[in-house]
Ligand SMILES: [Ca+2]
């Protein structure tokens, strides 16, 4: 089995294919196309993800500028080569932004050209071609039309900002409201209070976490804040409480009725203890 050391991605929106437009349908004259992937275990299709959450899981492979040439506006084409190690099998995404970055959408496709070649079976020259006519998936406020990929705009406050406005008095100092601050000094950061649905100023409110080994799996169940989403949470595991590694759940379920989240992991090998912890992605 040969390792995938390098890969080339060609990305194209040319005459005869879909081109990029602004929210009014006019060809985009200034903007950028990033080509990249998202972290393993991160589901970018979950509704309500903020730009910051997408960016935290984003790995850029390369980028190019949208053309500003008469008859070519909204088009682009480029070829980027890079290290394919660790990206084997990852789906490729286009993150298209207007000039200044105010409007953006992330596009992808189910087409096989939109996956980094798999180690062991690289195609000739490890090339992957991605064409605008193959796009069939949009993340964020974009629209896929027969002839265009539209950026509908994505401006607004995050769910965390909205929660701060609800939980803190008007005009509260930012030194109290940041996600890493523990405003009520109860040992839980504001980010965890948001994620777990407890009050950031209600010292003494603690979420109840439950961990159950069940057959071939381990289930971690905990309360979830009303506007927190599965993409807000990452997980780590350790066998010695010293060396922590990323834990990717095999399954994540949300119970809307009582706002609990259950992450299911493969069980540790027999006879060994395993510890899990939750890491906020804020
Ligand atoms: Ca706290």
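Every number here is computed from the coordinates shown, using simple stated rules; none is lab data. These figures come from a predicted structure and were not determined experimentally.
Orientation-averaged projection of segment 161-282 equals 8.3 nm² [convex hull of Cα atoms, one quarter of hull surface area].
What shape does segment 55-106 take by its C-alpha gyration tensor, where a ≥ b ≥ c are the square roots of the eigenvalues and a/c under 1.5 counts as rounded, a/b above b/c as prolate, and the rest as oblate?
Values: a/c = 2.91, a/b = 1.60, b/c = 1.82.
Judged from the Cα gyration tensor, segment 55-106 comes out oblate (a/c at least 1.5, b/c at or above a/b).
Using only the Cα atoms, work out Rg/Rh for segment 1-138, with Rh taken as the Kirkwood radius, to two decimals. With Rg and the Kirkwood Rh in hand, the quotient comes to 0.97.
Across the chain, Cα pairs under 8 Å and at least six residues apart give a relative contact order of 17 percent. Mean sequence separation of contacting Cα pairs (under 8 Å, at least six apart), scaled by the length of segment 161-282, corresponds to a relative contact order of 21 percent.
P(r) tail, the chain: Cα-Cα pairs separated by more than 24 Å, 59% of all pairs.
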